[in-house]
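Okay, so here's the structure we're looking at.
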Amino acid sequence: MKVKAAVLHGLGERWNVEEVELDPPGPGEVLVKTAFAGLCHSDEHLVTGDLFAPPELEAILPGNSLFPIIGGHEGSGVVTEVGDGVTNVSVGDHVSCSFVPACGSCPSCAKGRQNLCDLGARTMGGGMITDGTYRTHVADGRPLNKMAQLGTFSEYMTLSQHSVVRVEPDLPLEATCLVSCGVATGFGSATERADVRPGDTVVVVGCGGVGMNAVQGAAAAGASHVIAVDPVDFKRETAMNMGATATAAAMDEALGMVNDITWGRMADSVILTPGVLTGDLVQPAMDLTAKGGTVVATALAPMGQEDVKLNLTRLTLSQKELRGTMFGSASPNARIPELLRMYQTGKLKLDELITRRYSLDEINQGFDDMNAGLNIRGVIQFD
Ligand SMILES: NC(=O)c1ccc[n+]([C@@H]2O[C@H](COP(=O)([O-])OP(=O)(O)OC[C@H]3O[C@@H](n4cnc5c(N)ncnc54)[C@H](O)[C@@H]3O)[C@@H](O)[C@H]2O)c1
Ligand SMILES: [Zn+2]
Ligand SMILES: [Zn+2]
């Protein structure tokens, strides 16, 4: 079938909304009519090249061969067709997309760590995770990749059953979209990876669609102080309505503030969620962290970045930790329904995260607005 999708044809280009060819679902696959797609900074990394390996690493990491690619990895929709052998969803089910596929049976999944599912190794290009062939093609027939094996910037998606999580049909599909990436990642960065405990002091650096939910997660876990750091006034003001107790425009401005409120001990955890992570942000985050504390690296860095500013003596002698996180270190099949239950019972703010809605044709405006600091989250609304 022919569907409209936003395709990126090369580094630094604009998203091109065009007609693409979509094949029906094969064994283990489902066809989903997309309802909403979130504009997450990870899609912008495709445009800027942060998500592509420099030439010397292209043999082991995805490079320019990913183009053309349909963007979008945060989304929700309704199942309209299922292939042979699909067991987790039926036609008519509402689903949240999972940017890490979760097979349920690899060693990571078996240990309850679906966010590290072995199928995740194939999320960036290379055909379907089911059999390696392509269901999406550009008009001239060339194969078309999909961001994180999803490509939610498309009216319909043919997906592996492992990339969708069934949700209750009475839940709004807009909220179901948000928990698919930004909310789950930010919330879990605080509750799982930073392991925030009642009474903790937590600093969240970067309060966009991901960081704002680290603020919510830290507050939900019982933190006494949640300091939201962002250079944009509107983000800091919004953070105060999402659970932050104080704000700062930059990490060095937060230093004295954190020192005062913790009586000199500093923060139990610092969560790094700026649009782009760079090595020079690590030591300032460590300086905000108490001895025995944790810095969580949630934001993505340019793929080739290997230089990090880090005082190793203070890391060792203050027994600090630096930890990465994928999807907020929770299992999509458990976490997505949990977050929606919190939303339904008034314990998690989701509607408040959406600043603007766009049509698919307005996608470039949406990313321009994100880059201009105008949105907590922008979403594409399909018909
Ligand atoms: N680890 C994962 O599983 C995962 C999942 C989703 C997104 N991400 C990554 O998380 C990051 C955040 O994504 P997003 O969608 O929230 O982006 P966003 O653009 O919506 O928000 C980023 C925020 O950081 C602020 N910021 C930029 N530089 C800053 C600095 N030096 N100090 C403080 N604040 C700063 C911006 O003003 C903005 O409010 C991206 O790198 C994204 O790729 C990671
Ligand atoms: Zn994302
Ligand atoms: Zn698995």
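No value in this document is a laboratory result; all are computed from the given coordinates. For clarity, every value in this text was computed on a predicted model and none was experimentally measured. Positions of Cβ are backbone-derived with ideal geometry, glycine not excepted, and every protein chain shown enters the neighbour counts.
The table below lists the values:
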quantity	calculated
Counted charge near Gly28, where neighbours are those whose Cβ lies closer than 9 Å (Asp, Glu -1; Lys, Arg +1)	-3
10 Å beta-carbon shell around Ser329, net charge (K/R +1, D/E -1)	+2
Point-to-point label distance, Leu11-Asp84, nm (Cα→Cβ direction, 7 Å offset)	4.3
Dipole in debye (nearest 20) - the stretch 189-324, about Cα centre, beta carbon charges: Lys, Arg +1; Asp, Glu -1	300
Efficiency of FRET between Ala372 and Ala334 - r from beta-carbon atoms, R0 45 angstrom, step 0.05	0.80
DSSP-defined antiparallel bridges as percent of all bridges, the chain, nearest 5	55
Filter on Lys2/Lys349; Lys111/Lys309; Lys111/Lys347; Lys309/Lys349; Lys235/Lys320; Lys111/Lys146 - keep pairs with C-alpha separation over 31 Å	Lys2/Lys349; Lys111/Lys309; Lys309/Lys349
Percent of Cα-Cα distances greater than 33 Å, calculated over the chain	27
Convex hull volume per residue for the stretch 189-324, taking Cα atoms only, in Å³	90
³J(HN,Hα), Karplus 6.51/-1.76/1.60, whole Hz, each residue of the stretch 316-333, x for Gly, Pro	5, 6, 9, 6, 8, 10, 10, 10, x, 8, 10, 6, x, 6, 10, 8, x, 5
Equivalent ellipsoid semi-axes - Cα gyration tensor, the stretch 1-152, angstrom	24, 20, 14
Lys146 long-range amide H proximity, modeled H, under 5 Å	Ile70, Gly125
Within a Gaussian network of the chain (alpha carbon springs, distance under 10 Å), most fluctuating of Gly186, Gly49, Gly125	Gly49
Descending principal axes extents, the stretch 272-383, alpha-carbon based, whole Å	56, 34, 22
Label point distance in nm, Gln319-Ala250, each placed 7 Å from Cα along Cα→Cβ	3.4
Dipole magnitude (debye, nearest 20) for the chain, charges at Cβ of Lys, Arg, Asp, Glu	1040
Gaussian network model of the chain, springs between alpha carbon atoms under 10 Å - residue of Gly104, Gly151, Gly217 with greatest fluctuation	Gly104
For the stretch 118-158 and the stretch 234-264, distance of Cα centres in Å	41
